[in-house]
Amino acid sequence: MKPITDGIFHDEFTVSLGLGFTLPARTTFVRLSSGKLGVISPGPQSEESMKWIEQKDPEPVLIAPNMFHHLYLKKMYERFPKAKIYGPKPLPRVKQPWLEGVMTDIDLLQEDLKADFQCIRIEGHPALGETALLHRPTKALIVTDLMFNIFEPMPVMREILLKIVGAYNKPRQSKLLKWTVKDKQVFKQSCQSLLDLDFDLAISAHGDVMMDPKEFIEGMTASMSRL
Ligand SMILES: [Fe+2]
């Protein structure tokens, strides 16, 4: 568990995509103004990490920010059965039936945690269904799969994968999103709206934290120009 900035911590791990492909990933933890703990993109947390969460808040707020980062919600919920869970509305119907009646629509997160987050729903890409979170107290922009920021050294299979999706050694959106987008113009507008936000750092679920917002802005601008 490492600090990123005041009140924000992260836990890094590696996700396997099959066929030998892997990506670095992170779970981001936010100390909420209520004193509770927000867990964004729960991952395969170690026992040490679980104990850290337990100590901070035995009833944490678990947030699945898109339709892909929900795989470890169940494990986390089993450990923390009084946790509150937010996720994209279609998630229970499409991928995780057990969340029916358990999960709260992430569209309500901003209303529920007004002092903590400004939520920006990314439209035009229902398969991704991502909501970006601006953490108001620290001005940290937290995105999930909207941007990769992965640098070498890295395993050769990762290098191959990132070269294919145009995100090798630089902050870039994976071309996978471009290939699967439903409404390109709407998606582009949503992504570009992030650039108008007042943020000091950007945290993606994949790759290095962007401590200079220019990295995110340049990466997103370049990605949108090829969308
Ligand atoms: Fe991801």
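Rule-based calculations on the coordinates, nothing more; no lab input. No experiment lies behind these values; they were computed from the predicted model shown. Note: ideal-geometry Cβ built from the backbone for every residue, glycine included; neighbour counts use all protein chains shown.
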- Grab the DSSP H runs of the chain that are 4 residues or longer, score each as -39,500 (n - 2.57), total them, divide by all residues and round the 222 nm result to the nearest 500 deg cm²/dmol. -7500 deg cm²/dmol
- Item | Exposed trypsin sites (Lys or Arg not before Pro) absent - longest run of the chain, DSSP non-H/G/I/E/B, at most 12 other C-beta within 10 Å | 1-81
- Item | Cα convex hull of region 1-114 - mean projected area over all directions, nm² | 7.5 nm²
- Within a Cβ distance under 13 Å of Lys51, other residues only, what is the Lys/Arg minus Asp/Glu net charge? -3
- Longest to shortest principal axis, alpha-carbon extents of region 2-225, angstrom: 43, 37, 35
- Item | Most mobile of Thr144, Thr28, Thr14 in a GNM of the chain (Cα contacts under 10 Å) | Thr14
- Of the GluC sites (Glu not before Pro) in region 92-160, which ones lie in a loop per DSSP and count no more than 15 other C-beta atoms within 10 Å? Glu100
- Query: Going by how many other beta carbons lie within 10 Å of each one, how would you line up Cys119, Cys191, fewest first?
  - Reply: Cys119, Cys191
- Item | For the chain, share of DSSP beta bridges that run antiparallel, in % to the nearest 5 | 65 percent
- Query: Quick one: length gained pulling Trp179 to Lys214 fully straight, 0.36 nm per residue minus the C-alpha distance?
  - Reply: 10.0 nm
- Task: Provide the percentage of antiparallel DSSP beta bridges, counting only those with both residues in region 93-225; round to the nearest 5.
- Result: 70 percent
- Item | Pairwise label distance in nanometres, Met1 with Lys139, each label 7 Å out on the Cα-Cβ vector | 2.8 nm
